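Structure record follows, encoded as structure tokens.
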Amino acid sequence: MALRPRRSMDRNSRDSGSRRDQASRRDQASRRDAPAGRSRRGRQGAQSTVRRPLPTSLEVRIQNDPLFQVTTLDDSLWIDPFSGREVPCDQGYFRAALGFYRRNPTYRNGALLPLDELTAIRWRHDLIRLLPHEPRLRIFGRDGQGWLNPYSGTMHQDVAREEGKISMRTIAAMAKALSTSDAARSGIMLDNATLQQKVRSLGSEADRPRGGDESIFGLSDMEADLNRAKDVQAHMLSDLPELDGYELAVQFLPHGAVSGDFYEVMPLGDGRLLLFLGDVSGHGVQAALVVATALKTLRILARRSTELVDLLSQLNDEIKGDLLPGQFCTVFAALFDPEASTLQVVLAGHHPMVVANLNAAEVLRKVGRKGMAIGLISGDIFRRSLQPVEITIQPGDICIQCTDGIFEAANPDNEEYGEHRFYGQLLSTSQMPLDEMVETLTADVIEYSGGQPDDDLTVFVLAKDPPDDGLGSGSYPVSGG
């Protein structure tokens, strides 16, 4: 029997599109929203996250080494000096660093990024935040060549607009200039009168927005531009096919207008499907640009090879040069054969897939061996890190994969949602229709984080129909029930 898949693009949308009756939906919704409902009890009863002990020397360095103390101007993000990742630090960089290293022991790699590079990463974030509102950051020379540093009054001739617009390359060049500027460390810009005098002395033209209707990217309305970018990204993501005997569902919830997460379902000519779920480090516009590059490159490469290790190795070599320093992309890749009920899995830096089946002897199991993430290193070292694992999908199996925004979503006390809580929710929702299950899983994460998760959220599910037991399509019976 063919089952209809579903894709959700809007965090506020609750229309499941399933064929269940409306009374049942209202009843389930009321139970989810009740103060003493399932979500709250699930959190209280879940196992606490196991904390890895950190080396004392690392804690000392976090407190005293300037490389470990790079944060954005608004102190909202801390930059990990090993990977260059941006980490939310609402309660201070020290606590953010400790929590990050317990989850992501990047310090074991040993190699620290230079301070100038870390500062440039910070400035890229700050510039994207400040440029729409601060005209002093948008003073360029004639024909867009050369940029006036508003902190020092210095003209940087190697920074330029592209076709009249401030592009991401322009922002990267501005960030590099600011990372070596002593005056920029204060975060205090020169006043307008001083800058105007600098403009006159340098013979530059101040290219400020006219009438308040010009965006930093040279377009008419930044909000409208982001909405168009959201539409473009939604169009790039795959529609889910209908498969006899199987069901696919996905919940895709960007942190902002656009996402650093992506997924792809690619039918092959022999009836098999390539499945991908990716997570670019960071989020927002820059991560979304990498997503667009990765999806386009992936589709081109898949025309020549469908062997997973070969495909991911080529993808890594192709897009590594497009990533910023410290940036990377984790990918879950799978080759699914519906006829043989087999699924081959390869993990490039991504966490394992989970298979749940309440009727199986092992109700929950992880699948996959974690290799290196895309963008860290190229060539044979990356290829050798990838290890395919193949399983046979049994009736009633629910194969689920997600991005790390699910696990890392934190509550107001900075406690992460975590894997254990997610697995508990997965088992408690596994009898629901798939589209409702993915909605309920992500809704619980959002509720846990106070309605404001810090990252993109994506959940992807492939399920094989359970044995015909007379309970009807979409039911996943419990043994002994």
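The values are calculated or read from the model by the stated rules, or taken from the named source; none is laboratory data. Here the structure is a predicted model, which is why all the values come from computation and not from measurement. Positions of Cβ are backbone-derived with ideal geometry, glycine not excepted, and every protein chain shown enters the neighbour counts.
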**Fill in**
Considering segment 278-287, residues that are buried (at least 21 other Cβ atoms within 10 Å of the Cβ) and among the hydrophobic types (A, V, I, L, M, F, W, C), and then whichever is modelled with the lowest pLDDT, we arrive at Ala287
**Request:** Go through (1) under 21 Å from Leu190 (Cα atoms); (2) free of Cβ contacts under 8 Å to residues at least 24 places away in the same chain; (3) of a type in the set (Lys, Arg) one by one and return the number of the condition Arg169 breaks.
**Result:** (1)
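Residues checked against (1) over 29 Å from Ala177 (Cβ atoms); (2) at pLDDT 85 or above; (3) in contact with a His (Cβ under 8 Å, 6 or more places away or on another chain):
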{"position": "Gln47", "(1), (2), (3)": "yes, no, yes"}
{"position": "Trp78", "(1), (2), (3)": "no, yes, no"}
{"position": "Arg85", "(1), (2), (3)": "no, yes, no"}
{"position": "Gln91", "(1), (2), (3)": "yes, no, no"}
{"position": "Tyr101", "(1), (2), (3)": "yes, yes, no"}
{"position": "Tyr107", "(1), (2), (3)": "yes, yes, no"}
{"position": "Pro114", "(1), (2), (3)": "no, yes, no"}
{"position": "Leu127", "(1), (2), (3)": "no, yes, no"}
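For segment 72-122, name all the residues that are part of a helix (DSSP H, G or I) and touching a Gly at 6+ places or on another chain (Cβ under 6 Å).
Taking segment 72-122 first, the residues part of a helix (DSSP H, G or I) are 93-103, 106-109, 115-122.
Residue satisfying the conditions is Ile121 alone.
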**Complete:** Per the filter on segment 250-272, residues more than 27 Å from Ile128 (Cα to Cα), buried (at least 23 other Cβ atoms within 10 Å of the Cβ) and of a type in the set (A, V, I, L, M) are Val250
**Of all residues making up segment 83-100, the number that are crowded, with 16+ Cβ neighbours inside 10 Å and either touching a Leu at 6+ places or on another chain (Cβ under 6 Å) or within 21 Å of Gly187 (Cα to Cα) (or both)** = 6
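Out of segment 123-145, which residues are part of a loop (DSSP other than H, G, I, E, B) and crowded, with 19+ Cβ neighbours inside 10 Å?
Of the residues in segment 123-145, the ones part of a loop (DSSP other than H, G, I, E, B) are 131-134, 138-139, 141.
Of everything in segment 123-145, those that are part of a loop (DSSP other than H, G, I, E, B) and crowded, with 19+ Cβ neighbours inside 10 Å turn out to be Leu131, Arg138, Ile139, Gly141.
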**Request:** Could you grab me the full set of residues in segment 164-186 that are assigned to a loop (DSSP other than H, G, I, E, B) and under 24 Å from the mean Cα position of the chain (by Cα)?
**Result:** Ser167
**Asked** Taking the condition under 21 Å from Phe262 (Cβ atoms), surrounded by fewer than 19 Cβ atoms within 10 Å (Cβ to Cβ) and of a type outside the set (S, T, N, Q), does Ile446 pass?
**Response** yes
**Request:** Take the residues in segment 288-302 that are farther than 16 Å from Ser238 by Cα and free of Cβ contacts under 8 Å to residues at least 60 places away in the same chain, then tell me which one is surrounded by the fewest Cβ atoms within 10 Å (Cβ to Cβ).
**Result:** Leu301
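Sort through Asp380, Asp322, Asp337, Asp317 and tell me the only one that's at pLDDT 95 or above, assigned by TED's automatic domain parsing to the domain that holds Ser259 and among the acidic types (Asp, Glu). Please lay out each step first, then the result.
On the way: Asp380 fails: at pLDDT 95 or above; Asp322 fails: at pLDDT 95 or above; Asp317 fails: at pLDDT 95 or above.
From the options Asp380, Asp322, Asp337, Asp317, the qualifying one is Asp337.
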**Prompt:** Residues in segment 449-458: is at least one assigned to a helix (DSSP H, G or I) and under 22 Å from the mean Cα position of the chain (by Cα)?
**Reply:** no
**Message:** Suppose we filter Val309, Val345 for residues that are over 29 Å from Glu117 (Cβ atoms), buried (at least 16 other Cβ atoms within 10 Å of the Cβ) and without any contact (Cβ under 8 Å) to a residue 60 or more places away in the chain; which single one remains?
**Reply:** Val345
